[in-house]
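The values are calculated or read from the model by the stated rules, or taken from the named source; none is laboratory data. Worth saying up front: this structure is predicted, and the values here are computed from it rather than measured. Neighbour counts are summed over all protein chains in view; Cβ atoms, including those assigned to glycine, are modelled from backbone coordinates with ideal geometry.
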Amino acid sequence: MVDAAPPSPNVARLDAVVAAHGARATELVQILRDAQALDGWLPPATITYLAHRLRLPRARVEGVAGFYAFLHLTPAGRYRVLFSDNVTDRMAGSLDLLDRLCTSLWIERGKVSEDGLVSVDTTSCTGMGDQAPAILVNGRAIPRMTPERVDAVAELIRAQVDLCEWPADLFAVADNVHRRDVLLDAIVAPGDALRAAIARGAREPERAGSARSWREGVPALPQGPAATLEEIKRSNLRGRGGAGFTTGLKWEACRTAPGTTRYVVCNADEGEPGTFKDRVLLARHADLVLEGMTVCAYAIGATQGFVYLRGEYEYLAAPLRATIARRRAANLLGTSILGQRGFDFDVVLHLGAGAYVCGEESALIESLEGKRGVPRNRPPYPVTHGYLQQPTVVNNVETFCAAALIALNGGDWYRGLGTPRSTGTKLLCVSGDCARPGIYEYPFGTTVRQVLADCGAERTQAVQVSGPSGTCIGAAEFGRKLAFEDLPTAGAFMVFDDTRDMFEVARNFAHFFAHESCGFCTPCRVGTTLLRNVMDKIHGMRGSQHDVDRIRRLNRLLQASSHCGLGHTACNPLLDTLKRFRPAYERRLQSLDFEPAFDLDGALARARAMTGRDDASAHLAEVDEDASAVAGRGQP
Amino acid sequence: MTANGAADVFLLDGEPIPFAPGQTVMQAALAAGHYIPHLCFHHDFKPHGSCKVCTVRVDGATTASCTLPAQAGMSVECKADDLEENRRTLVQMLFVEGNHFCPSCEKSGNCLLQAVAYDLGVLDADLDYFFPSRPLDASHPDLLLDFNRCILCELCVRASAEVDGKHVFALSGRGIGKHLIVNAESGRLVDTTVAVTDKAVDVCPVGVIIRKRVGFAVPIGRRRFDARPVSAQALEDAPRRAPPEAAP
Ligand SMILES: Cc1cc2nc3c(=O)[nH]c(=O)nc-3n(C[C@H](O)[C@H](O)[C@H](O)COP(=O)(O)O)c2cc1C
Ligand code: SF4
Ligand code: SF4
């Protein structure tokens, strides 16, 4: 059922937005983003009108808008300031800066100013860990916040200066590349890897006839696409987005899956806190990323590609679109690419809108289809039933870069790098307590200790490898190797020196998961909030052994019954820190077995304030011995 | 079908369960007269697997049985201490997530959440209550929405879309903020096209979508699950398809 057309204040402008997206319901998230740019939020009449134009049920449009953190169904201020709230931002003083901005603007955190001008709040890690603390203003990234920059921002907002007229240096994002290897050093002219892939089929006989006796007896030599796939398989490349699935097998499964159209999706959602390598790759090596996607399209026979760019990186969208246009003009995208008949492939950029779970490949596809970013039931997997139920390859940005290099230099070259089970190199995103935060490219198999030495980390207590969903290790394990067979990593490498409180690190991550749970399944939706509450309770010195046991029980449940990886890994930071940094918890725990979360006497505080009383009988009398120990907590 | 023409079977806690191609473990089990605890599954709708109460173990891996395609020869473990323990916790989670005051609820005795809880031996909530603030929608002359009891099973969403063809209900928000919405700019049920005869009105397993003025026509104590536990009744709802015929 489609609702009748209602009056809407913005009809002409909304029509233009809808038209720009071909009135396609699959573009709903993009349309909502653009529609929001008109008013700074999505008024009810706007939702109704868009639903009408897209022939969607109104509730469906509202439900999609309600899913994404950067889409607002209530007024959020003409200037919406969000402080990145990763633990590394906090370590760099983000909360003081947030308070400073709120004080300066006379507003309360999380509330819109009465004149509707501005709101200030926090958001999940914005991917600027190497230049923390960072903020977003109406979605535009501003890194390296200092008291001076906070004051400048406050002044610009007070003077109501249009965002596009703010000084450019506020928005300057540094790349901070400190160690290069084959990927970051590669100089690949646009199209070179593709030409090599196309030529490979032709070159193959020559190569078989050479000293490669192990290939003798192979009857028909693979041509073009098949030969390219062969190289990817031979390279043993594994996905760089975290799970480490073998790329060649994924491509092959997609290539052989029945379907009418094949899709290539570049996962540039990069939501894992502490990760920012894809940002740098897209800023410096966009051609290589697109080249890798096109190589994939060639190998699997795909005609349509998407780059799913996280909303936090909106500033990268325009240059990326320009690169796509340039490649189209150079016949590296479009029809009959490089003159190969039937080699048709084009790429469209999609922006996310603030949802970590959309990095999960099936949730990402749902989002691409204009829906709430809820992970699908698997099987079937995207390789057979992906975008619009067609065969789809989803790979990480870095995976596509590596694939382009393999197409150019061959699988044997690549498997000579790294370790046998983790071939090639990996980009690490180093942040936290070290002298030189930034991007470091290493061959797989490099030790944590080596990285710590190179980035100038001292008195290191712990490293969070691969973000909150990864592993937290202490000094005893710094000899471990970064590789799929030891410490797998999607790239994040957050360093904590011995002044840091590892309990607070874990508590920050518990808040992250509770904020980012999509809410589809019971264990994760309720469990991540329970975990957050338990951590807050312990933080408030009201925790006991019972609460620690509760964490373990929730972990068993979330592991066993969550619907996707977010729920499966949500307890990791808590368990890792409990195991390795137990004193950080213990000095906060009550010696009791159990302490209720509800502070009865504390709840009376407001009544006491209202009545102006604070005498003994305005407090609950503590009777037994144990309970009086509770009442006296925190006192010497 | 196996080569000799017999129906394909899998094992559920050691018992052979026949199944038709395309059936999930839950569907086949119910059709064969075996109960697997569940909340968001309903035999009239495509399973989506969000409550996770039906989680079982296959080859050491746990997974929701309502969405798991049945395969010949698979061995499914449903009755195990750890799985039962997890089911109890999931039910407790749903109780603390909303506001459930069973003694004063119109649905008490007819409520699937309450019935599954009793059946699993859940006697308390154990977890800390969230006490969310969820205002009622009493705008409609014949229907009341008490969101306090919503377990987000999406059955009304699916029923309204698939059976009634209306999309009266949908979900918005995310994480613990996920909530039910109705298809109206005002946000009020009275402004939707809902009808008391809609499948969506009937399908709610708990006491959210309530018909006005009939709540206590049947007194508590004489209601469906007051008589017999849900595990003894769920099979009565399920389409008892005969085991698949041998293919020609
Ligand atoms: C909650 C969650 C978030 C994820 N976020 C990302 C992400 O931001 N980027 C990414 O490449 N993969 C992410 N993944 C992994 C993807 O699901 C998928 O495995 C990956 O994109 C495949 O690409 P690869 O094989 O090249 O690594 C995430 C997975 C989960 C469960
Ligand atoms: S585990 Fe969490 S993020 Fe994943 S589907 Fe369930 S609720 Fe959503
Ligand atoms: S209203 Fe009822 S049927 Fe609809 S989602 Fe909530 S509990 Fe399920």
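From the list A:396, A:377, which one is within 14 Å of chain B (Cβ to nearest Cβ), more than 16 Å from ligand 3 (Cβ to nearest atom) and either buried (at least 24 other Cβ atoms within 10 Å of the Cβ) or under 26 Å from residue B:178 (Cβ atoms) (or both)?
After ruling out the rest, the residue left standing is A:377.
Exactly one of (1) in a loop (DSSP other than H, G, I, E, B); (2) hydrophobic (A, V, I, L, M, F, W, C); (3) farther than 26 Å from residue A:491 by Cβ is unmet by residue A:102. Its number?
Residue A:102 satisfies every listed condition except (1).
Go through A:543, A:474 for me and flag whichever is modelled with pLDDT under 95 and either within 16 Å of ligand 2 (Cβ to nearest atom) or over 29 Å from residue A:399 (Cβ atoms) (or both).
A:543
It is to be established whether one or more residues within segment A:48-60 are in a helix (DSSP H, G or I), polar (S, T, N, Q) and within 14 Å of another protein chain (Cβ to nearest Cβ).
Narrowing segment A:48-60 to residues in a helix (DSSP H, G or I): A:48-54, A:58-60.
Still in the list and also polar (S, T, N, Q): A:48.
Going one step further and asking which of them are within 14 Å of another protein chain (Cβ to nearest Cβ), we end up with A:48.
Yes, because at least one residue in segment A:48-60 is in a helix (DSSP H, G or I), polar (S, T, N, Q) and within 14 Å of another protein chain (Cβ to nearest Cβ).
Out of all the residues in segment B:98-111, which are out of contact with any Cys (no Cβ under 9 Å at 6 or more places or on another chain) and either within 23 Å of residue A:527 (Cα to Cα) or within 14 Å of chain A (Cβ to nearest Cβ) (or both)?
Within segment B:98-111, B:99, B:101 meet the criteria.
Being within 16 Å of ligand 2 (Cβ to nearest atom) and in contact with a helix residue (DSSP H, G or I) (Cβ under 9 Å, 6 or more places away or on another chain) is the requirement here; does residue B:171 meet it? Steps first, please.
Working: within 16 Å of ligand 2 (Cβ to nearest atom): yes; in contact with a helix residue (DSSP H, G or I) (Cβ under 9 Å, 6 or more places away or on another chain): yes.
Spelling it out, residue B:171 is indeed within 16 Å of ligand 2 (Cβ to nearest atom) and in contact with a helix residue (DSSP H, G or I) (Cβ under 9 Å, 6 or more places away or on another chain).
From the list A:93, A:40, A:129, A:139, pick out the single residue that is at pLDDT below 95 and more than 14 Å from chain B (Cβ to nearest Cβ). Give the derivation first.
Details: A:93 fails: at pLDDT below 95; A:129 fails: at pLDDT below 95; A:139 fails: at pLDDT below 95.
Answer to the check: A:40.
Only one residue in B:190, B:194, B:116 is more than 21 Å from residue A:532 (Cβ to Cβ), part of a helix (DSSP H, G or I), within 16 Å of ligand 3 (Cβ to nearest atom) and not assigned by TED's automatic domain parsing to the domain that holds residue B:35, so which one is that?
It is B:116.
Restricting attention to segment A:336-361, and to residues there that are closer than 22 Å to residue A:84 by Cα and in a helix (DSSP H, G or I), which single residue is nearest to ligand 3 (Cβ to nearest atom)?
In this case the residue turns out to be A:357.
Test each condition in (1) more than 16 Å from ligand 2 (Cβ to nearest atom); (2) under 19 Å from residue B:66 (Cβ atoms); (3) among the β-branched types (Val, Ile, Thr) for residue A:522 and report the one that comes out false.
(1)
Can you work out which of the residues in segment A:363-374 that are buried (at least 22 other Cβ atoms within 10 Å of the Cβ) and more than 13 Å from every other protein chain (Cβ to nearest Cβ) is farthest from ligand 1 (Cβ to nearest atom)?
Result: A:370.
Restricting segment A:561-571 to residues that are over 17 Å from the mean Cα position of the chain (by Cα) and more than 7 Å from ligand 2 (Cβ to nearest atom), which is farthest from the other protein chains (Cβ to nearest Cβ)?
Only one residue fits best here, namely A:571.
Of everything in segment A:226-253, what is over 25 Å from the mean Cα position of the chain (by Cα) and within 19 Å of residue A:380 (Cβ to Cβ)? Give them in sequence order.
A:252, A:253
I need the full set of residues from segment A:503-527 which are crowded, with 24+ Cβ neighbours inside 10 Å and more than 14 Å from every other protein chain (Cβ to nearest Cβ), in order please.
Selection gives A:505, A:506, A:509.
I'd like to check something: does segment B:143-151 contain any residue that is at negative phi, touching a strand residue (DSSP E or B) at 6+ places or on another chain (Cβ under 6 Å) and within 14 Å of chain A (Cβ to nearest Cβ)?
Looking through segment B:143-151, at least one residue is at negative phi, touching a strand residue (DSSP E or B) at 6+ places or on another chain (Cβ under 6 Å) and within 14 Å of chain A (Cβ to nearest Cβ).
If residue B:217 meets every condition in (1) within 16 Å of ligand 2 (Cβ to nearest atom); (2) more than 10 Å from chain A (Cβ to nearest Cβ) apart from one, which number is that one?
(1) is the only condition that residue B:217 fails.
Here is a yes/no grid of residues against (1) under 21 Å from residue B:38 (Cβ atoms); (2) touching a helix residue (DSSP H, G or I) at 6+ places or on another chain (Cβ under 7 Å); (3) of a type outside the set (A, V, I, L, M):
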{"site": "B:117", "(1), (2), (3)": "yes, yes, no"}
{"site": "B:122", "(1), (2), (3)": "yes, yes, no"}
{"site": "B:130", "(1), (2), (3)": "no, yes, yes"}
{"site": "B:133", "(1), (2), (3)": "no, no, yes"}
{"site": "B:138", "(1), (2), (3)": "no, no, no"}
{"site": "B:141", "(1), (2), (3)": "no, no, yes"}
{"site": "B:146", "(1), (2), (3)": "no, no, yes"}
{"site": "B:154", "(1), (2), (3)": "yes, no, yes"}
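Look at residue B:90 and say whether it is under 30 Å from residue B:146 (Cα atoms), in a helix (DSSP H, G or I) and at pLDDT 95 or above. Write out each step before concluding.
Working: under 30 Å from residue B:146 (Cα atoms): yes; in a helix (DSSP H, G or I): yes; at pLDDT 95 or above: yes.
So residue B:90 fits the description; yes.
Is it the case that residue A:553 is modelled with pLDDT of 95 or more and more than 11 Å from chain B (Cβ to nearest Cβ)? Spell out how you get there, then give the answer.
Numbers: modelled with pLDDT of 95 or more: yes; more than 11 Å from chain B (Cβ to nearest Cβ): no.
It is false that residue A:553 is modelled with pLDDT of 95 or more and more than 11 Å from chain B (Cβ to nearest Cβ).
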